[in-house]
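A.B. asks: This is the structure, below, for whatever I ask next.
No value in this document is a laboratory result; all are computed from the given coordinates. As the structure is a prediction and not an experimental result, all values here were calculated from the model. Every residue, glycine as well, gets a Cβ built from its backbone with ideal geometry; the counts of neighbours run over all protein chains shown.
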């Protein structure tokens, strides 16, 4: 578990000073994902540790947040940065400025399982795989078998978190 | 409090949102039938909402207009077809619907408004569709129709038309009560990987946009509905099935005991609205 708390900056620094061989080994260790059931939520629902150890890609995160088959965050949230994606919903608050209001750890927790932050919220948990009532096989209407695949992968969550961090109040 | 938060969010989202709550238009069909499309919530809902509203208020002006004139309403073609079926002899007993019920306008007036309802002989709550199939099997010796199929939806529409403008008035007490309670429990249960209940969308968020969709109260006083999207009549159970599936859940079968209970409950949330079927939706 400990190695996962090594920050990316540290890892990169380590890799730079210690040479290619070690850097590879480092990547392998960091690539160990935190499984959905192993995520440690803090008191307010925050998740301090990266789910993958690989830095999120904000651009990829923007695509995930806007696409129906992935995060589909715009189904419920208005996001000015995604103005080119048609039809933003109004179920949840606007995500503009989310990067000012929340830390990366809080955002990670919100995307992974927002119910740990907001009890009873309508927002779905994107990194939860069991404990559902009548779990289905995606959108087929057929029964699914738990554990279900999470709606977003660990890296997709890191990407969305990176994107959310870019949402600053002008 | 919750609604205030949502309202604030809605205001923020304004530049992107197409809809802003239900409209205040009035629905008069054929310049003749005045529909009650907004009414005080029935007593059993009074702790969660003040007013119930037809799904008609949440549709665009163009879609709304299609429902105001039977010559414009694409669903009426199916009503005409069902009128032919009404007169057609089928099954081993050599009977048509008309053989037992005579003129549909007379015999079926007011029927839709009280369905689903308790059937004493059968000892069960019956939807209109169940009753139609029971007539086909028991009285006519004919094959039952597919629960959500075209023939069924058309016959349901024909029968519903005879109650247009009358207030929905399904009974929820007496022997139907336990079924109604089961339906209510389903309405508030958060299913599937998205963990959403009917109430999340249709009670807490009606009037709000969910992506491109303007959420209504999910009332069924207009069912069966003609949808421009699939250009056919759609039954309430087909709609339920779609909504449950969209929560990434294992859905229920149309005609199942569960959906019958849910239909009774959802119908009762519309007690007081006019029967509008067949209505038009996008």
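A.B. asks: Taking every residue in A:81-93, how many Cβ atoms of other protein chains lie within 10 Å of its Cβ, on average? Display every interim value, and only then the final one.
C.D. replies: Values: counts 0, 1, 2, 0, 2, 4, 8, 8, 13, 19, 13, 6, 7.
So the per-residue partner count for this stretch is 6.
A.B. asks: Separate question: Just grab the label-to-label distance for residue B:185 and residue B:173, each label 7 Å out from Cα along the Cβ direction, in nm (one decimal).
C.D. replies: 2.3 nm
A.B. asks: Compute the FRET efficiency between residue A:44 and residue B:151 as 1/(1 + (r/R0)^6), taking r as their Cβ-Cβ distance and R0 = 51 Å, and round to the nearest 0.05.
C.D. replies: Details: r = 56 Å, r/R0 = 1.10.
Working from the Cβ atoms, E equals 0.35.
A.B. asks: Then there's this: If each of residue B:212 and residue A:138 carries a label point 7 Å out from its Cα toward its Cβ, how far apart are those two points in nm?
C.D. replies: For residue B:212 paired with residue A:138, the spin-label model returns 2.0 nm.
A.B. asks: What translational diffusion coefficient, to the nearest whole µm²/s, does the protein assembly as shown have by Stokes-Einstein, given a Kirkwood radius computed over alpha-carbon pairs, a temperature of 25 °C and 0.890 mPa s viscosity? Numbers along the way, then the final one.
C.D. replies: On the way: Rh = 24.3 Å.
Taking Rh from Cα pairs, D becomes 101 µm²/s.
A.B. asks: In deg cm²/dmol, rounded to 500, what helix-only [θ] at 222 nm does chain B give when every DSSP H run of at least 4 residues adds -39500 (n - 2.57) and the total is split over its residues?
C.D. replies: On the way: 11 runs with 97 residues, N = 282.
It comes out at -9500 deg cm²/dmol, rounded to the nearest 500.
A.B. asks: Let me ask something else about it. Let me know the mean shielding of B:191-201 by other chains, meaning the per-residue number of their Cβ atoms within 10 Å of its Cβ. Intermediate values should be presented prior to the final figure.
C.D. replies: Details: counts 5, 11, 19, 10, 11, 3, 2, 0, 1, 4, 2.
Per residue, the number of nearby Cβ atoms from other chains is 6 on average.
A.B. asks: Taking the highest mean first, how do the peptides A:115-123, B:156-164 order by number of other beta carbon atoms within 10 angstrom per residue?
C.D. replies: Working: A:115-123: 15.8, B:156-164: 24.0.
So the peptides A:115-123, B:156-164, ranked by packing, come out B:156-164, A:115-123.
A.B. asks: If you don't mind, there's one more thing I want to ask. Going by alpha carbons, how many degrees (0 to 90, nearest 10) lie between the helix axis of B:76-87 and the longest principal axis of chain B?
C.D. replies: Relative to chain B, helix B:76-87 is tipped by roughly 20 degrees.
A.B. asks: For region B:40-183, rounded, prolate or oblate, judged on the Cα gyration tensor with a ≥ b ≥ c (square roots of eigenvalues), a/c < 1.5 rounded, else prolate if a/b > b/c?
C.D. replies: Working: a/c = 2.33, a/b = 1.21, b/c = 1.93.
Oblate.
A.B. asks: Among B:113-126, A:33-46, A:89-102, how do they line up by average Cβ neighbours within 10 Å per residue, starting with the highest? Walk me through the intermediate numbers first.
C.D. replies: On the way: B:113-126: 16.6, A:33-46: 14.9, A:89-102: 20.1.
In decreasing order of mean packing, B:113-126, A:33-46, A:89-102 become A:89-102, B:113-126, A:33-46.
A.B. asks: Follow-up. So how much slack lies between residue B:109 and residue B:77, counting 0.36 nm per residue of separation and subtracting their Cα-Cα distance, in nm?
C.D. replies: Working: separation 32, 0.36 × 32 = 11.52 nm, distance 1.99 nm.
Working it through step by step, the gained length comes to 9.5 nm.
A.B. asks: For peptide A:112-123, what's the mean number of Cβ atoms from other chains within 10 Å of each residue's Cβ?
C.D. replies: Working: counts 0, 0, 0, 1, 0, 0, 0, 0, 3, 2, 11, 3.
Taking all residues of A:112-123 together, the mean is 2.
A.B. asks: Using label points projected 7 Å from each Cα along Cα→Cβ, tell me how many nm separate residue B:23 and residue B:92, to one decimal.
C.D. replies: Taking the simple label geometry, residue B:23 and residue B:92 are separated by 5.3 nm.
A.B. asks: Measuring from centroid to centroid over Cα atoms, what is the spacing of region A:42-88 and region B:90-109 in Å?
C.D. replies: 58 Å
A.B. asks: Here's another thing I want to ask about it. Can you tell me the 0 to 90 degree angle between the C-alpha axis of helix B:150-161 and the longest principal axis of chain B, rounded to 10?
C.D. replies: Roughly 80 degrees between the two axes.
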